[in-house]
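The values are calculated or read from the model by the stated rules, or taken from the named source; none is laboratory data. The model shown is predicted, which means the values in this text are computed figures rather than measured ones. Because the Cβ atoms are built from the backbone with ideal geometry, glycine has one as well, and the counts that use them run over all protein chains shown. For accessibility, only protein heavy atoms count, side chains too; no ligands or nucleic acids. Shrake-Rupley method; radii C 1.70, N 1.55, O 1.52, S 1.80 Å.
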Amino acid sequence: MRYRGIDHLGIAVADLAAARDVFTRLLGFRVVEEEVVEDQRVRVVKLDAGGSELELLESTDPEGPIGKFVAKRGPGIHHVTVRVDDLRATLRELEAKGIELIDREPREGAGGKKIAFLHPKSTAGILIELCEAPVRSSRPPRAS
Ligand code: CO
């Protein structure tokens, strides 16, 4: 298993417009992309954090995963996403160690990347997402 850096932190917010304003206007982050991920019932603003990203996540549905998270725990860090070289192989390796997987196979996440979530039951209560490197937008520019 080979980890290749933090791809992004997923941050659950209650009010995306207000959070976007704080992170861009006050903190100076640049918006990389904005999208709605239907199957996660979430509206996403991705910010360039320099070699990795912050994903501001607002639920489009109170019964969606982010809606429930914010209702229960308030806004805050929802998940951490780490890059791996071969996502499918990593999932098999973790499964063999007894880690419970939310996604047994890679699926398409925000921005069309291959992603999979591990079950927080198996990971000290922390929601971990793995994604397959390379990732176009959040990589540092290659030295020429
Ligand atoms: Co994510």
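Go ahead and run the numbers for FRET between Ala17 and Asp61, Cβ-Cβ distance against an R0 of 25 Å, rounding to 0.05. Walk me through the numbers before you get to the answer.
Values: r = 17 Å, r/R0 = 0.70.
Calculated transfer efficiency: 0.90.
When all protein chains stay in place, what accessible area (Å², nearest 10, 1.4 Å probe) is found for Asp86?
Around 80 Å² of this residue is reachable by solvent.
Suppose every Lys and Arg Cβ carries +1 and every Asp and Glu Cβ carries -1, with no other charges. What dipole size does the chain come out with about its Cα centre, to the nearest 20 debye?
Here the size comes out at about 420 debye.
Lys and Arg at +1, Asp and Glu at -1: add these up for the other residues within a Cβ distance under 11 Å of Gly10 and post the number.
-3
Could you tell me what percent of the accessible area of the range 1-103 is made up of carbon and sulfur, with a 1.4 Å probe and every protein chain present?
52
For the chain, what is the calculated [θ] at 222 nm in deg cm²/dmol (nearest 500), taking -39500 (n - 2.57) for each run of four or more DSSP H residues and dividing by its residue count? Walk me through the numbers on the way to the answer.
Numbers: 3 runs with 25 residues, N = 144.
Rounded to the nearest 500, it is -4500 deg cm²/dmol.
Can you work out ³J(HN,Hα) from phi for every residue in the range 70-84, in order, using Karplus 6.51 cos²θ - 1.76 cosθ + 1.60 and θ = phi - 60°, giving whole Hz and x for Gly and Pro?
With the stated coefficients, the range 70-84 comes to 5, 5, 7, 10, x, x, x, 5, 9, 8, 10, 10, 10, 7, 10 Hz.
Suppose R0 equals 25 Å; then what is the FRET efficiency for Glu33 and Ala96 from their Cβ-Cβ distance, rounded to the nearest 0.05?
Values: r = 35 Å, r/R0 = 1.39.
Calculated value: 0.10.
Per residue, how much space in cubic angstrom lies within the convex hull of the C-alpha atoms of the chain?
113
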